[in-house]
Amino acid sequence: MLNYVETISKELLIAASSSIQQEEVFVRIMYNKIEGASRETIEALQLSRLRETVERVYRLVPFYKKKFDETGIKPAHIKSVSDVSNLPFTTKKDLREHYPFGLFTTPMDQIVRIHSSSGTTGKPTVVGYTAHDMEVWTEVMARSLAMGGTGSGDIVHNAYGYGLFTGGLGFHYGAERLGAAVVPSSGGFTKRQLLLMKDFGATILCCTPSFAMHMAEAAKEEGYDLKADFRLKAGFFGAEPASKGLRMAIAEAWGINYHEAYGMSELIGPGVAASCIHGNLHVFEDHFLPEIIDPDTGTVLPDGEEGELVFTTITKQALPVIRYRTRDISMLHREPCQCGRTIVQIETIKGRSDDMLIVNGVNVFPSQVEHVLTKVEGLTPNYLIVLDKKGVLDKLEVWVEVDDRTFADGIGALETLKKKLETEMLNELYINVKTKLVEPKTIERSVGKAQRILDKRDKG
Ligand code: DLL
């Protein structure tokens, strides 16, 4: 019987008629090789890369040397992949305290790119790439996009922001590597985006889930027929959490396969994990070593248990990070996927531990609220969570837009809908949530990451 890599190779080689196509096929086979490898092969590769990385940061970055010395850890102590859990954590605060380039391992003449995350307070987080880092990034982005069958002949409409944000340029390089034609449209200008997507015959859409939903709504308003006027077959959505309901609504509205893209600038940008045709989110663990920890104690948790994702980069040159605390809540799975990939899977991100709302002692993730909204007929996934104080108690209110039809049905229908929604919220979140149904198109849309929370509790 042919193994996974051989099956793919055979299928692709049969499909490839020209030599250029054959070359692309070989690139894809190379990418796929590690993704379907045995656990021993993956771990052997990870161990040698981990050792190199640990040795590198110990030798070149005083911050790491000091931290390792304080805990009595030496690079030579890394004997197996699981030994990574003996190393100290790195946090966003550490990056900020070494602003801008203090944790780089290379002199600036080897840096070819700098990105930075906006950050609402204080200094931004700055990340740098060597030429080799750019090559790794391009590879993992190509591998992400290949999960949706992207290749030459595809038109990739890239509506992630270009600039300091890693989304736009990350997807750009990956799509080009696969031989696809990229339309670098960046964010905003919804109507023009729709026009270009239709006229250029975009087959792949890349943007945040909230913007994908917004574009679907705008397209309907403009009188487009989403399935007949567009040629989209797949989309790569990420940079923010999206509930199952929202993911399904986007796939349904556009008539496409929904692929998720996960990553963060501190690790590389997008390209840390991507979901396959079966909807499983695979980590490119030949470059990023994941762990799940208890966010309060720092203890490593077993597969299948929910906690905070921690990553160690094992091929980065300019800015390797050791046990970086992402604050993202997820869990690991290692069962082989139907797609043939054996690389570890992460559960779709539930939210960030620092986004978790504590309402009168009960933990609530915005994604849970969104999940309820997408289950109730008559609502749109446009919402705002408003937190306030009433005396000593927290008050959580959800403002949500109703769809045009429900709005036209009048007060009676809205009252019934409101009651239904509040009951569903209580069942899902175990707290009383006040809801406010608002007119269609009254909640502000975002072109990048959506802002869903308004917390008024701290202010006076
Ligand atoms: O958002 C990189 C990216 C761009 C990923 C485009 C995917 C697509 P940062 O701006 O540094 O980088 O933000 C990283 O965004 O820690 C998560 O909290 C969140 N995030 C990213 N992808 C997902 C996702 C980019 N698929 C932070 N689901 C991360 C949920 C996500 N949250």
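Just to check your reading of the model, which residue among 323, 341 is in the same structural domain as residue 223 (by TED's automatic domain parsing), surrounded by 18 or more Cβ atoms within 10 Å (Cβ to Cβ) and modelled with pLDDT under 95? It would help to see each step written out before you state the result.
Values: 323 fails: modelled with pLDDT under 95.
Exactly one of 323, 341 is in the same structural domain as residue 223 (by TED's automatic domain parsing), surrounded by 18 or more Cβ atoms within 10 Å (Cβ to Cβ) and modelled with pLDDT under 95, namely 341.
Exactly one of these conditions fails for residue 318: (1) at pLDDT below 95; (2) closer than 27 Å to residue 124 by Cα. Give me its number.
For residue 318, the exception is condition (1).
Can you confirm whether residue 170 is under 15 Å from the mean Cα position of the chain (by Cα) and either aliphatic (A, V, I, L, M) or part of a helix (DSSP H, G or I) (or both)?
Numbers: under 15 Å from the mean Cα position of the chain (by Cα): yes; either aliphatic (A, V, I, L, M) or part of a helix (DSSP H, G or I) (or both): yes.
Answer is yes for this residue.
Could you check, for segment 321-339, whether at least one of its residues is out of contact with any Ser or Thr (no Cβ under 8 Å at 6 or more places or on another chain) and among the small types (Gly, Ala, Ser)?
No, the conditions are met nowhere in segment 321-339.
Select from segment 227-243 the residues that are aliphatic (A, V, I, L, M) and under 21 Å from residue 402 (Cβ atoms) and list them in ascending order.
Residues of segment 227-243 aliphatic (A, V, I, L, M): 228, 232, 234, 239, 242.
Result: 242, single match.
Would you call residue 223 more than 16 Å from the ligand (Cβ to nearest atom) and at pLDDT 95 or above?
Values: more than 16 Å from the ligand (Cβ to nearest atom): yes; at pLDDT 95 or above: yes.
Spelling it out, residue 223 is indeed more than 16 Å from the ligand (Cβ to nearest atom) and at pLDDT 95 or above.
Being within 15 Å of residue 361 (Cβ to Cβ), surrounded by 14 or more Cβ atoms within 10 Å (Cβ to Cβ) and not aliphatic (A, V, I, L, M) is the filter here, so list the residues in segment 384-402 that pass it.
Those that are within 15 Å of residue 361 (Cβ to Cβ), surrounded by 14 or more Cβ atoms within 10 Å (Cβ to Cβ) and not aliphatic (A, V, I, L, M): 394, 395.
Of all residues in segment 296-309, which are in a loop (DSSP other than H, G, I, E, B) and at pLDDT 95 or above?
297, 298, 299, 301, 302, 303, 304, 305, 306
Could you go through segment 382-403 and let me know if any residue there is more than 28 Å from the chain's Cα centre (by Cα) and under 14 Å from residue 425 (Cβ atoms).
Looking for residues that are more than 28 Å from the chain's Cα centre (by Cα) and under 14 Å from residue 425 (Cβ atoms), one finds at least one in segment 382-403, hence yes.
Starting from residues that are under 25 Å from residue 41 (Cβ atoms) and touching a residue at least 40 places away in the same chain (Cβ under 8 Å), keep the ones in segment 292-308 and report whichever is surrounded by the most Cβ atoms within 10 Å (Cβ to Cβ).
The qualifying residue surrounded by the most Cβ atoms within 10 Å (Cβ to Cβ) is 292.
If residue 451 passes every condition in (1) assigned to a helix (DSSP H, G or I); (2) exposed (fewer than 15 other Cβ atoms within 10 Å of the Cβ); (3) within 16 Å of the ligand (Cβ to nearest atom) but one, which one does it miss?
Failing condition for residue 451: (1).
Between 176, 139, which is touching a helix residue (DSSP H, G or I) at 6+ places or on another chain (Cβ under 9 Å) and surrounded by fewer than 19 Cβ atoms within 10 Å (Cβ to Cβ)?
176
Looking for something assigned to a strand (DSSP E or B), out of contact with any helix residue (DSSP H, G or I) (no Cβ under 7 Å at 6 or more places or on another chain), within 12 Å of the ligand (Cβ to nearest atom) and without any contact (Cβ under 8 Å) to a residue 60 or more places away in the chain - is there at least one such residue anywhere in segment 120-129?
There is at least one residue in segment 120-129 that is assigned to a strand (DSSP E or B), out of contact with any helix residue (DSSP H, G or I) (no Cβ under 7 Å at 6 or more places or on another chain), within 12 Å of the ligand (Cβ to nearest atom) and without any contact (Cβ under 8 Å) to a residue 60 or more places away in the chain.
Of all residues in segment 159-192, how many are within 20 Å of residue 382 (Cα to Cα) and polar (S, T, N, Q)?
Initial filter on segment 159-192 (within 20 Å of residue 382 (Cα to Cα)): 159-160, 187-191.
Checking which are polar (S, T, N, Q) leaves us with 190.
Count: 1.
So, restricting to strands (runs of 3 or more DSSP E) that lie completely within segment 188-291, which ones have at least 2 residues that are touching a Ser or Thr at 6+ places or on another chain (Cβ under 6 Å) and surrounded by fewer than 19 Cβ atoms within 10 Å (Cβ to Cβ)? Can you show your working first?
Numbers: elements: 204-207, 234-238, 257-264, 269-275, 281-283.
In segment 188-291, there are no strands (runs of 3 or more DSSP E) which contain 2 or more residues that are touching a Ser or Thr at 6+ places or on another chain (Cβ under 6 Å) and surrounded by fewer than 19 Cβ atoms within 10 Å (Cβ to Cβ).
Restricting segment 146-171 to residues that are at pLDDT below 95 and of a type in the set (A, V, I, L, M, F, W, C), which is farthest from the ligand (Cβ to nearest atom)?
146
Step by step: first the residues of segment 345-383, then only those that are surrounded by 21 or more Cβ atoms within 10 Å (Cβ to Cβ), away from the ligand (no atom under 16 Å from the Cβ) and β-branched (Val, Ile, Thr), then the one that is modelled with the highest pLDDT. Which residue is that?
By that ranking, first place goes to 372.
The values are calculated or read from the model by the stated rules, or taken from the named source; none is laboratory data. All values derive from a computational prediction rather than experimental measurement. Don't worry about glycine lacking a Cβ; one is built from the backbone with ideal geometry, like all the others, and counts go over all protein chains shown.
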